[in-house]
Number of protein chains: 2
Amino acid sequence: MNLKLTLKYDGTEYHGWQRQPNGITIQEILEDALEKVMKKKITVTGCSRTDAGVHALMHVSNFKCETSIPVHKIPLVLNQQLPEDIRAVDCTLEEDGFNARYHTKEKTYRYRILNCEHNDPFLSRFVWHYPIKLDVDAMKKAAESMVGEKDFTAFMASGSSAKTTVRNLKRVEVEKDGNLITITATANGFLYNMVRIIVGTLVYVGNGKLTVDEVARILEEKDRTLGGVTAPPQGLRLEEVVY
Amino acid sequence: MNLKLTLKYDGTEYHGWQRQPNGITIQEILEDALEKVMKKKITVTGCSRTDAGVHALMHVSNFKCETSIPVHKIPLVLNQQLPEDIRAVDCTLEEDGFNARYHTKEKTYRYRILNCEHNDPFLSRFVWHYPIKLDVDAMKKAAESMVGEKDFTAFMASGSSAKTTVRNLKRVEVEKDGNLITITATANGFLYNMVRIIVGTLVYVGNGKLTVDEVARILEEKDRTLGGVTAPPQGLRLEEVVY
């Protein structure tokens, strides 16, 4: 059986999704829990390698396994083995060929900035606290200028192994609700740190360090050093994956 | 100068408000931060001894201190010394006689129950996850029956040193929004664990272990052993203090 599993997680305590020697990852915790439930070693394939400290409202992975547990009961059984900050919310049976990593059509990430003097202890795990007032209208214009099928080399962290740096960025929306600024980005795929660099660049527009025109030029010149900072991880959440 | 300080905190990592030998408390953290800022030992008086794991949207304390820092700047300076899960949000100058503990007229606490199959990693620090469906209408009726000026011995944990067990419970409101059940309680003061026992008793009504009539009888009989469980701390938050 090829099983598709959907997780929700608070990534604060983890070194990201992907198993690695230097810290506890969500993949490792999930595979250990699956081993306890299924009584054998399981390897999962994840839709996205979220970074250390990044969260997911909907993270999809798949794994192959025979089991007598009814598929819809797997989340409940698995949650008894998972820590409280990782929850399995759905499990379905897929065709053998389904691959959670390679078959994604579209991903949506959401980033939240708390734009006021004092941070909020009830939000601080999930926002970037930015005390200097940001010009949201300018950020909206710059966000629009980013949208399209383009080479996003300027918005990619070094150390990436992407085969192509062209991505179809379908949406970058900046919204403000009270002190909370939300940036939602949808694409057919994202380069390494791309959303966090988009956000950092929009913040540079919001605080006046960059103009809207300069953002377009940075993209054309494909030079990462000209854009904004890489926004900190805790404000970022993988929101939706479409297959 | 007698200064009134308002804090917000996520109590997850602390052994409650009051300084004690067995764990780190919010009072201790605050007094240490104030000592760094004011360059001398400061003792604060808090409005409420919140339990281990309980949060506060508005916790008020006062302390006496001479300082050349403008009073409205104290939160900003103090926040540089405080951990992210405790934030100073306001500071004002009060008359010498003001006492944050003894001059409270009214306090409001709010408790949140997440009533669905799976817990939510983004809420789990701040809710009681209760997977069995609760009858909210019955809980509302039982909540109404609790309101009034009464002897609340039945809703007090042992180990309390209260001089009187009579409190004026002005409001107990049960609201439901999706899977989230919110219980808001306002009184002139609360006994030890009183809100958590009110919530535990309402949950016993919601799951059918107690009837609305039995709740009235439990209060009359002043017997703690007849009521519901003491609800876990993480769902509770001190919401407002009125002077």
*Helix-derived [θ] at 222 nm for the protein assembly as shown: sum -39500 (n - 2.57) over DSSP H runs of at least 4, divide by residue count, nearest 500?*
-6500 deg cm²/dmol
*How much accessible area per residue does the stretch A:107-242 have, in Å², with a 1.4 Å probe?*
43 Å²
*Relative to the isolated chain, which residues of the stretch B:9-36 have their accessible area cut by 20 Å² or more in the presence of all protein chains (1.4 Å probe, heavy atoms, no ligands or nucleic acids)?*
B:Asp10
_Calculate the FRET efficiency for B:Ile69 and A:Thr182 from the Cβ-Cβ distance with a Förster distance of 30 Å, rounded to the nearest 0.05._
0.30
*What spacing in nm lies between the two simple spin-label points modelled at B:Lys170 and A:Asp137, each 7 Å away from Cα in the Cβ direction?*
4.3 nm
*How large is the Kirkwood hydrodynamic radius of the stretch A:98-174, in angstrom, based on all distinct alpha carbon pairs?*
15.4 Å
*Please give the FRET efficiency for A:Leu123 paired with B:Asp90, using the beta carbon to beta carbon distance and R0 = 22 Å, rounded to the nearest 0.05.*
0.80
*Over the stretch B:146-229, what percent of the accessible surface lies on carbon and sulfur atoms, probe 1.4 Å?*
45 percent
*Cα centroid distance between the stretch A:194-243 and the stretch A:123-190, in Å?*
5 Å
*Output ³J(HN,Hα) for the stretch A:158-169: one whole-Hz value per residue in order, computed from phi by the Karplus curve 6.51 cos²θ - 1.76 cosθ + 1.60 with θ = phi - 60°, and x for Gly and Pro.*
5, x, 8, 10, 4, 6, 10, 9, 8, 9, 9, 7
_Candidate residues A:Lys150, A:Lys40, A:Lys105: accessible-area rank, largest first, probe 1.4 Å_ = A:Lys105, A:Lys40, A:Lys150
*asked:* Rounded to the nearest 20 debye, what is the charge dipole size of the protein assembly as shown about its Cα centre when +1 sits on each Lys and Arg Cβ and -1 on each Asp and Glu Cβ?
replied: 420 debye
*How far is B:Val147 from itself in the other copies, in nm, if each label sits 7 Å out from Cα along the Cα-Cβ line, shortest first?*
4.9
_Starting from the Kirkwood Rh over alpha-carbon pairs, what translational D in µm² s⁻¹ does chain A have by Stokes-Einstein at 4 °C and 1.567 mPa s?_
69 µm²/s
*For the stretch A:2-94: span of alpha carbons on each principal axis (Å, largest first)*: 34, 24, 22
*asked:* At a cut-off of 40 Å², which residues of the stretch B:102-146 become less accessible once all protein chains are present than in their chain alone, using a 1.4 Å probe?
replied: B:His118, B:Asn119, B:Pro121, B:Phe122, B:Arg125, B:Phe126
*So what are the ³J(HN,Hα) numbers for the stretch B:76-82, from phi and the Karplus equation (6.51, -1.76, 1.60; θ = phi - 60°), rounded to whole Hz, Gly and Pro as x?*
4, 5, 5, 5, 6, 9, 8
*What is the interface area between chains B and A, defined as buried accessible area summed over both chains with a 1.4 Å probe, reported in Å² to the nearest 100?*
1900 Å²
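The values are calculated or read from the model by the stated rules, or taken from the named source; none is laboratory data. Everything numeric here is computed off the predicted structure, so don't read it as measured data. Note that we place each Cβ from the backbone using ideal geometry, even for glycine, and neighbour counts take in every protein chain shown. Note: areas computed on protein heavy atoms with side chains; ligands, DNA, RNA excluded. Shrake-Rupley method; radii C 1.70, N 1.55, O 1.52, S 1.80 Å.
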